[in-house]
Amino acid sequence: MGYFIDLEAQEYHIISIANTVDIEDADYYEHLDSYLSSVESPYSIVVNGDITSSTNSSSLTLLLETLTQSGAEKIIIIPGDRDWDESGRSGWQKVIDLEKQVKSDHKDSNIIWPLGKACPGPELIELGPSLSLVIINTQWFNHPFDKPRQESGICTIATEGDFMEELEDIIDEQAGKNVIIAGHYPVISLGEYGGFHPLSKWFLPVPIISGMITSFKQNVGNHTDLINENYHDFRINLGLLLSQYRSITYLSGHEKNLQVLEWNENYFINSGSPERARFAANTKLSLFSESLPGLIELKYDPDGNVQTEIFKYVHDSGITSYKLIDLMYSACKDISTERINTSFVPCNASDEKENNLGSSQADFGKIAGGAEYQASKFKKAFLGAHYRDSWTTEVRIPYLELNSTFGGLTPFAKGGGRQTKSLKFKAGNGYEYVFRSVNKDPAGALPVELRGTFLAAILRDQTSTQHPYGALVADILLNELDILHAHPKLYLMPNDQGLGKYRPDFMNMLGMLEERPTNPDTDTEQTFANAKKIRKSFKMFKDLYDDKDNHVNQQEFIRARAFDIVVG
């Protein structure tokens with residue numbers, strides 16, 4: 001097995017800290033400075049919210065003075081709910097004022113405030129060639145009062161749907177890199193804000209009443225609890241999106257404890273107790289979960305190995321190492337474990353003795369679009385006949401020639417989508433293409449705990465309500481109507497070494513290859529339909545809002561929209 005590591009690459013560290021407004025120990029910042037001076041590898045600091053309040057603004061000055069004098073390459077600040085006036089009516093203005101203050105006082109420093117104007121994000125920060133940090137403003141979704149909405153035109157993205165679409169695209173574009181997502185509020189948590197409470201909270205200080213209050217926080221919640229009506233749906237949808245990926249790390253800071261959780265092959269880290277800590281439960285998700293003051297450090301090795309180190313804070317001894325956890329192991333090493341880093345694989349993991357099967361196999365193959373949709377008369381009576389015959393009939397399909405099609409196709413990233421598997425290619429002709437599976441898995445839209453149930457099986461079976469090759473028919477009709485569109489072609493993906501690390505997931509898959517509209521990186525790069533710019537709908541609406549000279553071609557839009565309605 002090949003094993004090629006960039007010898008010039010360095011280990012990179014991410015230090016996560018939050019709730020610094022709670023720091024009362026006058027010596028804390030001296031201890032923090034001492035700890036930071038001991039970090040030898042290149043590092044950045046994520047300050048994950050709750051850095052100021054109406055009753056404590058001096059802590060912010062001390063914090064930023066300490067951080068800017070450290071050796072950190074970047075100091076990334078994410079606002080939390082207390083920075084938004086504890087989700088109060090003046091929250092938007094408070095966080096805008098805080099942003100202005102930080103930028104004014106530290107305009108020539110290494111401090112970054114990525115979520116400008118209190119927009120929801122997501123914002124991408126490149127920390128290195130193999131490490132990407134995505135910043136999101138969880139409080140925007142949680143905030144119950146005024147905030148920059150779509151109709152104001154302040155933010156390019158100001159709806160949950162647009163946010164999820166953009167976040168998905170950003171993650172897809174970081175294929176081959178370590179990906180960290182950071183937001184103040186957790187997605188999952190074993191702390192009190194996540195609905196886990198110590199037994200004493202149910203009985204003390206006043207029996208029955210204490211139980212009622214704890215039950216309320218666990219099932220309804222106020223603005224600080226993850227279950228509350230403003231935040232709950234967003235975090236569920238964010239969790240669903242992340243469940244489509246593997247080896248992503250999510251950093252939060254809301255809970256006042258230290259947690260390292262593994263869920264669905266992703267990792268959720270909370271570091272929100274710099275000086276004092278509160279309750280943290282332990283479940284099967286826990287790699288670490290304790291009521292411990294301190295902070296958490298992530299270590300990314302050039303070989304793909306990822307570790308997290310827990311540091312505890314004690315007044316007399318300062319910030320010291322408490323526990324080191326191997327979070328993800330390098331895919332380049334022969335280790336028997338499920339916690340493999342599948343995002344960043346800096347080695348040639350293909351077996352050099354294998355033949356290039358794609359070049360020696362037949363030009364055509366026979367395959368059914370979905371043999372699993374075969375049904376008895378009884379099943380058809382209850383679940384429908386649909387297009388089962390089309391799905392279960394074998395068809396003769398050409399194999400995709402990776403070496404020659406469009407000047408040669410090189411895969412570079414998996415695509416998103418909760419139902420369709422897709423693989424993106426760069427072609428020798430200068431364009432990009434995407435290969436999408438004909439078969440779907442709509443169960444990806446279900447919560448993770450339901451995906452192995454009979455409900456998921458029924459939902460998957462309903463894929464047969466769609467014609468497997470409907471896109472090919474639509475292509476012909478769109479051509480006749482002169483409506484701009486991508487042109488899909490049906491192929492079998494070969495079992496070819498040219499697929500690299502994507503080979504196990506895509507070899508022998510039936511799918512459609514079509515153009516992928518993307519913005520050019522250079523003026524000379526080929527683009528779909530020779531476009532100068534390609535915009536998603538929400539960015540197009542922002543362009544229309546910002547410049548009245550921009551307009552939509554009404555006739556082409558009406559023709560395309562009418563076709564969508566007629567075809568369904």
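Starting from a Cα-only point model with no solvent, please compute log10 I(q)/I(0) by Debye for the stretch 183-300 at q = 0.16, 0.23 1/Å.
-0.76, -1.36
Please provide three numbers in whole Å: the alpha-carbon extents of the stretch 437-568 along the principal axes, with the largest listed first.
Principal-axis extents of the Cα atoms in the stretch 437-568, largest first: 53, 37, 34 Å.
Averaged per residue, what accessible surface does the stretch 408-457 expose to a 1.4 Å probe, in Å²? Kindly include the intermediate steps, with their values, before the conclusion.
On the way: 2170 Å² over 50 residues.
For the stretch 408-457, the per-residue accessible area is 43 Å².
Pull out the extension gain between M507 and E372, defined as 0.36 nm times the separation in residues minus the alpha carbon to alpha carbon distance; nm, one decimal. Don't skip to the answer; put the middle values down first.
On the way: separation 135, 0.36 × 135 = 48.60 nm, distance 1.86 nm.
The span from M507 to E372 would gain 46.7 nm if fully extended.
In Å², what does the accessible area per residue of the stretch 481-533 work out to with a 1.4 Å probe? All intermediate terms of the calculation are to be shown ahead of the outcome.
Details: 2920 Å² over 53 residues.
Result: 55 Å² of accessible area for each residue.
Mind ordering 387-398, 75-86, 152-163 by average Cβ neighbours within 10 Å, highest first? Walk me through the numbers before you get to the answer.
Numbers: 387-398: 15.3, 75-86: 24.6, 152-163: 17.7.
Ranked from most to least packed, the peptides come out as 75-86, 152-163, 387-398.
From the C-alpha gyration tensor of the chain, pull out the three semi-axes of the equivalent ellipsoid (sqrt of 5λ each), sorted largest to smallest, in whole Å.
Details: eigenvalues 386, 151, 139 Å².
Value: 44, 27, 26 Å, ordered largest first.
Peptides 145-151, 178-184, 40-46: what's the order by average Cβ count within 10 Å, highest mean first?
Details: 145-151: 14.4, 178-184: 25.9, 40-46: 18.1.
In descending order of packing, they fall as 178-184, 40-46, 145-151.
If I compute solvent accessible area with a 1.4 Å probe over the protein chains, what percent of it on the chain is carbon and sulfur?
Details: 14080 of 27390 Å².
About 51 percent, which is the carbon plus sulfur part of the accessible surface.
How much accessible area per residue does the stretch 160-285 have, counting only protein heavy atoms and a probe of 1.4 Å, in square angstrom? Don't jump to the answer; show the numbers that get you there.
Values: 4730 Å² over 126 residues.
Ligands and nucleic acids excluded, the figure is 38 Å² per residue.
What distance in nm separates the two pseudo spin-label positions at K379 and D543, each 7 Å out from Cα along the beta-carbon direction?
Calculated label separation equals 4.7 nm.
Let me understand the stretch 219-371 better: what is its radius of gyration from the alpha carbons, and its Dmax, in angstrom?
Calculated on Cα positions, Rg and Dmax stand at 21.0, 73 Å.
Consider all pairwise Cα distances in the stretch 29-171 and report the whole-number % of them above 27 Å. Don't skip to the answer; put the middle values down first.
Values: 2502 of 10153 pairs.
That tail contains 25 percent of the Cα-Cα pairs.
Suppose each label sits 7 Å from its Cα in the direction of the beta carbon; what would the S58-W263 distance come out to in nanometres?
3.9
Hey, what number do you get for the chain at 222 nm if only DSSP H runs of n ≥ 4 count, each worth -39500 (n - 2.57), divided across all residues, to the nearest 500?
Numbers: 15 runs with 141 residues, N = 568.
Mean residue ellipticity at 222 nm (helix-derived): -7000 deg cm²/dmol.
Roughly what would the spin-label model give for D146 and F203, points 7 Å off Cα along C-beta, in nm?
The two pseudo-label positions are separated by 4.9 nm.
The values are calculated or read from the model by the stated rules, or taken from the named source; none is laboratory data. Source: prediction; values computed, not measured. When we count neighbours, we look across all protein chains shown, and the Cβ atoms used for this are built from the backbone with ideal geometry, even at glycine. Only protein heavy atoms, including side chains, enter the accessible area calculation; ligands, DNA and RNA are left aside. Shrake-Rupley method; radii C 1.70, N 1.55, O 1.52, S 1.80 Å.
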